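Just so you know, all these numbers are worked out from the coordinates, no wet-lab data involved. Given the structure is predicted, the values throughout are model-derived calculations rather than measurements. Virtual Cβ from ideal backbone geometry, glycine too; neighbours counted across all protein chains shown.
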Amino acid sequence: MTTTPTIEPKAGRAQLDRKTTRPLLQIENLDIHFPTPNGLARVVDGCNLTINHNELVGIAGESGSGKTTLVEAILQIIRFPNRISNGRVMFSPDGNEPVDLMQLNKRQMRRMRGEHIAYIPQGSMNSLNPVMRVGAQIVDAMVDHGISDRQAKEKVPGLLARVGLEERVARLYPHELSGGMKQRVIIAIAISLEPELIIADEPSTALDVNVQRLILEALANLRQDMNVAIMIVSHDLPVHAQLVDRIGIMYAGQIVEAGDIRSTVKKSLHPYTRGLMGAIPSIGGPRERLGGILGTTPSPSNWPDGCRFHNRCPHKMDICTSVQPLLVPLAAGPRTVFGEEIDVLAARDVACHLYPESTPEGAAT
Amino acid sequence: MSNPPLLQLEKATTIFGRGASETVANKDVSLALDEHESRLISIVGESGSGKTTAARCLLGLQKPTSGQALWRGKDIYKLKKQERFMFRREVQAVFQDPYGIYNPFYKINRVFDLTISKFKLADGNTEKLELIDDALKAVNLRPHDVLGRYPHQLSGGERQRVMLARAYLVKPKVIVADEAISMLDVAVRAVIMNILMDFRENLGISTVFITHDLSAAYYLGGDIMVMQRGRVVETGSSVDVMNNPQDDYTKLLLSSIPSPDPDQRWGSAPIPVAAAD
Amino acid sequence: MRAFVSLWQDSGKFKLGFIITAILVAVALLKQPLLALHLGDINPLREASFPIFLDPSREHPLGTDRFGRDVLGLVFVGLPTSLQVAFMAGGLSTVIGAVVGFVAGYKGGKVDTTLRTITDAFLVIPTLPLIIILAAYSRNLTSFQLALVLAAFSWPFAARTIRSQVLSLRERPYIELAKMTNMSDSQIIVQEVFPNMAPYVAIGFATASVGAAFSLVGLTVLGLAPSNQMDLGTLISLAWGWGVISLGKEWIFAAPVTLLILLFLGLALVQQGMEEFFNPRLRGQS
């Protein structure tokens, strides 16, 4: 329902042909490390991810997998001053030569965040100013980025309509709104500067299911209406399954599998993804005992050697304990893994020694 | 009806506040658990539906404004000392927040030590250690992974399993689990639910499972009680109710749950905005 | 103990304040040996032991006063009295405040309403004028009685902070778990609530002691404290009466004032350090 490919071109922004232009965002070997009393915490460690124009991408992972830190790295809002970061975050909002967000200074990054990347942090619906009318807060956000007061005020009704709110909501105070309405106001603020990328961190957590559905559908509609790419970070795989085009599964500071949503959840390549899918109950059909994943998430200051999942993996091999697998695209074609045949059709990336391409060349076998 | 039910809510109504700010958290909620037939009852609903209030009434943590919470036919709030002791032994709880449930001041061991001494479960140290060992085994924890540590050194799943081990120690007749999996990672939720199902199968412990997650209720099976704004709107066997919901609210909830299968789209009918807000 | 060690390592303020306070307390405790070392067996309060208004010298590091007494000796005598009253008043008011706060916060309901009304009534009484009147009517107060009077009006502050902390602790899930474990109310208060309250009680004690020391100086400078004993406030009051500053003998005045400032500073730093440590919202930007 939300994945109809027709995209209306928006005035003032050239319609980009997805096939010929470069990706909107390309994260290359990103490391974010913090020194802690227990040693260096490698919260994000060798992370790779690509987001295309007008794409809905999901990032899923357990708590402690580093997904929020990854988002903060893209936005350059990492709070710890003594962080060590490596790698590149190439961003190309207009399809031209990309800029590395890691190299921008504070002022340049602030502009980038307002005009090209919008951020909806976790729990941000509680961050509305309680003593200001909602409309004024939307206007403020635009005026901050150089839009005239009059122009900003004119845009408010349209922005509210985009997220399914009536015009009168502008005159209300946050406490007069329900949780779902507040979240939509936050989204209205995020889209007010017509960004190319919206990053939403757990946008529907702590909302009731039917409100969650409304919010997520509102986000999905924006993609069509505004020609924007959206990155959704959530621990909730069913939410991704309903919403995104492509998903990246994060484990222990790295993306371990990425691909289109349908094949990733239905024919998962990585044992971790399989474990996650196998732990989710669904309604209808026979009730089978779910497995879950044994063991606990390792700590960022003490990732296991080799494949970081090896001590929880039911398919562990000798090589897994010593050699780290690389995230590589698989060649198209059928192959047999986990005792079943998986036909790799679209581009799918995985980091696991069950796939020979993933083992670095020259590594002992 | 020779024996009164083990644990029962009888038309329990709970009202918070007075006058204009009055909130009816529960209205005429009834529920009964028999001693000889172990059951799994899920109470589901959204925030504000009153499901947690119902759980707290069952646990004797919230006194209903009218109606009664009964243990073996006696009002929970009028139990004599010895009866109270037995009530606490027979009805145990697992709470939502695996972080706040631990007093940060003490090591994990104290949870077990205190439970054993308060309920007089062991004579002497050897027996105590055996009990703890046994309880940890029942929830798949290794003693040296948790004993001697402070709560903040354990993961959420481990902490919740320690809580289940604690309940196991007491060998209760009923465990009331209030949103016990909602703050845990997906990968460990199933582990916790499996433990509860095993407790029922192997030890005959009933579970009252409070959750906002209908898929968890479906997975657990047993019976379900759907609550909306303090009232029970639908009851029945979990599988039947979810395969064939009768109440409009239950249908609305079911149509909003995201399925992990991308081919099974959210209900095609749009939800009326007014109902959600 | 764990808390103390990490507090010591974490908070420079606490460390500095604790050291200052500890030195003052040590000097007070060592009053007898210090006096013996300094003055031999001369009674430091005996008048005309030395010539009057001597300038500071090797023999009299702080000179002598108008009655021919060694000022350093007077300081050695006065400091313990001041500390004693301050800590006694602080301790008493903390104990009263803690008991009232604990009972009100934990019991709630009518008990809470009653105790809160009493607390609030005490809070709005203008304390200093009342103490002045009380002190003026009863000239021969012992330092314990004085501490009692000071405590009688300062406990409501402690009661209020402790009550609100107990209120928030009472809602913690682990309290409910304790109830599920069939612990009695008194066991819950002692074992579950109190350990987490200890820092707040300590903060209350430091705050109350600072307050008591302050009021005490106020009273003695006004000449309303017990006249039969020597404390730092009395010394200030005497020096003020002699007009020592216009006489160019300011050290008589400066010595007790400096000590009092150190005392306030020490206690206030301890209090702030603890407060910042246990209440992370106050910990600056981090």
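Of note:
- Spread of Cα-to-Cα distances over 10 Å intervals beginning at zero, given as percent, for region C:18-130: 12, 27, 20, 17, 13, 9, 2
- Global geometry of chain C, whether rounded, prolate or oblate, following the gyration tensor of its Cα atoms and the 1.5 cut on a/c: prolate
- Two-decimal log10 I(q)/I(0) for chain A, as the Debye equation yields it once each C-alpha is a single scatterer, q = 0.07, 0.09 Å⁻¹: -0.32, -0.53
- Cα centroid separation - region B:236-256 against region A:98-117, whole Å: 48 Å
- Taking the fewest neighbouring Cβ atoms within 10 Å as the starting point, the ordered list for B:Leu9, B:Leu114 is B:Leu114, B:Leu9.
- With at most 13 neighbouring Cβ atoms within 10 Å, loop GluC sites (Glu not before Pro) (DSSP) excluded, longest segment of chain B: B:38-277
- Simple Cβ-charge dipole of the protein assembly as shown, Lys/Arg +1 and Asp/Glu -1, about Cα centre, in debye nearest 20: 1980 debye
- Bridge type composition, the protein assembly as shown - antiparallel percent by DSSP, nearest 5: 60 percent
- Seen against the Cα atoms of chain B and their longest principal axis, helix B:81-90 is set at about 70 degrees.
- Distant-in-sequence amide contacts of B:Glu234, defined by a placed amide H-H separation under 5 Å and a gap of 5 or more residues or a different chain, comprise B:Val226.
- Our summary gives region B:140-277 a relative contact order of 14 percent, counting only alpha carbon pairs under 8 angstrom and 6 or more residues apart.
- For region B:135-277, the direction-averaged projected area of the alpha-carbon convex hull comes to 10.7 nm².
- Between region B:72-92 and region A:119-174, the C-alpha centres lie 54 angstrom from each other.
- Loop exposure criterion: trypsin sites (Lys or Arg not before Pro), DSSP state outside H, G, I, E and B, at most 10 other Cβ atoms within 10 Å. Applied to chain B, the longest stretch between such sites is B:121-277.
- Packing rank of C:18-29, C:195-206, where each peptide gets the mean count of other beta carbons within 10 Å, highest leading: C:195-206, C:18-29
- Inter-part distance where region C:193-268 and region B:142-178 are each reduced to a Cα centre, Å: 53 Å
- Note, ³J(HN,Hα) from phi for region A:131-147, Karplus 6.51, -1.76, 1.60, rounded to Hz, x at Gly and Pro: 9, 10, 5, 4, x, 5, 6, 5, 4, 3, 4, 6, 4, 3, 10, x, 8
- By other beta-carbon atoms within 10 Å, ranking B:Ser47, A:Ser301, C:Ser82 with the fewest at the front produces B:Ser47, A:Ser301, C:Ser82.
- Positive-pole candidate from A:Pro314, A:Ala332, B:Leu164, dipole of the protein assembly as shown, charges at beta carbon: B:Leu164
- Counting Cα-Cα pairs of chain B in 5 Å increments starting at 0 gives whole-percent bin shares of 1, 5, 12, 15, 18, 16, 13, 9, 6, 3, 1, 0, 0.
- For A:201-213, mean number of other protein chain Cβ atoms within 10 Å: 5
- Helix B:156-170 and the long axis of chain B differ in direction by around 70°, with both axes built from C-alpha atoms.
- Expressed as a fraction of 2.2 N^0.38 Å, the value expected for a compact globular protein of N residues, the C-alpha radius of gyration of region A:178-245 is 1.02.
- log10 of Debye I(q)/I(0), alpha-carbon scatterers only, for region C:123-174 at 0.15, 0.24, 0.29 Å⁻¹: -0.55, -0.90, -1.09
- Ranked by how many other Cβ atoms sit within 10 Å of their own Cβ, fewest first, the residues A:Glu196, C:Glu176 fall in the order C:Glu176, A:Glu196.
- Per residue of B:101-108, other chain Cβ atoms within 10 Å of the residue Cβ number 5 on average.
- Helices meeting the span-like rule in chain C (full DSSP H runs, Cα extent of at least 27 Å along the helix axis, mean Kyte-Doolittle score of -0.5 or higher): C:71-107, C:143-170, C:194-221, C:250-278.
- Shielding by other protein chains, B:115-122, mean Cβ within 10 Å: 2
- The convex hull drawn around the Cα atoms of the protein assembly as shown, when projected onto a plane and averaged over every direction, covers 50.3 nm².
- Calculated from backbone phi, Karplus (6.51, -1.76, 1.60) coupling profile of region B:97-111 in Hz, x at Gly/Pro: 8, x, 9, x, 6, 9, 5, x, 6, 10, 6, 4, 3, 4, 3
- Given chain C, longest segment not containing exposed loop trypsin sites (Lys or Arg not before Pro) (DSSP; at most 15 other Cβ within 10 Å): C:140-282
- Using alpha-carbon coordinates, inclination of helix A:209-226 to the longest axis of chain A, degrees: 80 degrees
- Size check on region B:1-152: the Cα extents along the three principal axes, sorted descending, read 52, 40, 28 Å.
- For A:Ala229, the residues whose modelled amide H falls within less than 5 Å of its own, excluding neighbours fewer than 5 places apart on the same chain, are A:Asn54, A:Glu55, A:Leu197, A:Ile198.
- Relative contact order of chain B, defined on C-alpha pairs under 8 angstrom at six or more residues apart (%): 24 percent
- Computed across region A:276-365, the Kirkwood hydrodynamic radius from all distinct Cα-Cα pairs reaches 15.2 Å.
- Residue with peak Gaussian network fluctuation, chain B [Cα springs, cutoff 10 Å], from B:Gly157, B:Gly48, B:Gly17: B:Gly17
- Chain A: relative contact order in percent, alpha carbon pairs under 8 Å with at least 6 residues between: 19 percent
- Residues whose amide H lies under 5 Å from that of B:Asn26, counting only those 5 or more places away or on a different chain, are B:Thr14; hydrogens are built 1.01 Å from N in the peptide plane.
- Remark on region A:88-176: ratio of C-alpha radius of gyration to 2.2 N^0.38 Å is 1.29.
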